[in-house]
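Student: The structure follows.
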Amino acid sequence: MKKMTLIMAIMSLSFLFIITPTRTFARAGGSMGGSSTGSSSTSSNSSDNYDNYRGYRGYGGFGRNRFSLVDAALIGFSGLSFFHFYRRNRRENYKIPETYDALTPELNTHFEPFFYKVEDAWTKNDLETLKTLMSPYYYAKQKRIINGYIRGHKIDHLDGLVIIDLEQVVTSSDEKVQVIVTAQARDYFQYDNKPESYNQQIQEDTNIERFKEIWTLVWKDETNLQLCNIKTIG
């Protein structure tokens, strides 16, 4: 009875984590949600990790040591659910760093055109260009998102995208730089398999929204930046 009670408690806890609502992410990095959207996301720690997980399970030997296998599966699933819940909430509640300053002259010259180039490629589902602008690890994460858009017959539009303010985070890292971007845009999806009236309605229903993100980058050389991560500031 105690064993069954424990199993039921774990299953209930897992179910609660599963049904916790999540936001949809649209813009580069998964930072805003599509038609009331933002993205990129996705972002910050200074790593180039993007909070995105894949799960899979395998079956084998069912019937031998049945209780142990079931217990291990349930406990493992609960632990993974809790970890995902914790990481997601940490991402959504990320706060602006306390130490920041104006961009260095070199970064000030190169960041703004780089920012617009990334966002332009994102709104065209242009994986070839994004590959040249992102670190391999971060690109692999974003490629999965873009491929999902392509399969869903949708493309992310950013009308009126404009930078409002740029600040540089003061970090101890000599390799990576972090830029706090304040910008605004009308961010919404359009679908190539929907009638024009449907897409027009989405556009009309979407307001211009301001957003703030941290972009983590490295210098590929003296004049070219590479994007490692985007983190939304809550």
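Student: Out of all the residues in segment 141-152, is one or more within 20 Å of the chain's Cα centre (by Cα) and assigned to a strand (DSSP E or B)? Before the answer, list the steps.
Tutor: Of segment 141-152, the ones within 20 Å of the chain's Cα centre (by Cα) are 141-152.
Those left that are additionally assigned to a strand (DSSP E or B): none.
The answer is no, given that none of the residues of segment 141-152 is within 20 Å of the chain's Cα centre (by Cα) and assigned to a strand (DSSP E or B).
Residues checked against (1) farther than 13 Å from H157 by Cα; (2) at pLDDT 95 or above; (3) basic (K, R):
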{"residue": "A183", "(1), (2), (3)": "yes, yes, no"}
{"residue": "R186", "(1), (2), (3)": "no, yes, yes"}
{"residue": "Y191", "(1), (2), (3)": "no, yes, no"}
{"residue": "K194", "(1), (2), (3)": "yes, yes, yes"}
{"residue": "Y198", "(1), (2), (3)": "yes, yes, no"}
{"residue": "E213", "(1), (2), (3)": "yes, yes, no"}
{"residue": "L225", "(1), (2), (3)": "yes, yes, no"}
{"residue": "I230", "(1), (2), (3)": "yes, yes, no"}
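Student: Specify the residue that is nearest to A102 (Cα to Cα); the eligible residues are those in segment 167-218 that are of a type in the set (G, A, S) and in contact with a strand residue (DSSP E or B) (Cβ under 9 Å, 6 or more places away or on another chain).
Tutor: So, considering only residues that are of a type in the set (G, A, S) and in contact with a strand residue (DSSP E or B) (Cβ under 9 Å, 6 or more places away or on another chain), the one nearest to A102 (Cα to Cα) is A183.
Student: Take the residues in segment 203-234 that are among the β-branched types (V, I, T) and out of contact with any Cys (no Cβ under 7 Å at 6 or more places or on another chain), then tell me which one is farthest from Q168 (Cα to Cα).
Tutor: Top of the filtered list is T206.
Student: Another question, then. Can you tell me which of (1) within 17 Å of L133 (Cβ to Cβ); (2) surrounded by fewer than 18 Cβ atoms within 10 Å (Cβ to Cβ); (3) touching a Leu at 6+ places or on another chain (Cβ under 8 Å) is the one R186 doesn't meet?
Tutor: Exception for R186: condition (1).
Student: Suppose we filter segment 100-151 for residues that are loosely packed, with under 12 Cβ neighbours inside 10 Å, of a type in the set (D, E) and over 16 Å from T216 (Cα atoms); how many remain?
Tutor: Here the count works out to 1.
The values are calculated or read from the model by the stated rules, or taken from the named source; none is laboratory data. Only a predicted model underlies this, so the values are computations on that prediction, with no experimental measurement involved. Neighbour counts are summed over all protein chains in view; Cβ atoms, including those assigned to glycine, are modelled from backbone coordinates with ideal geometry.
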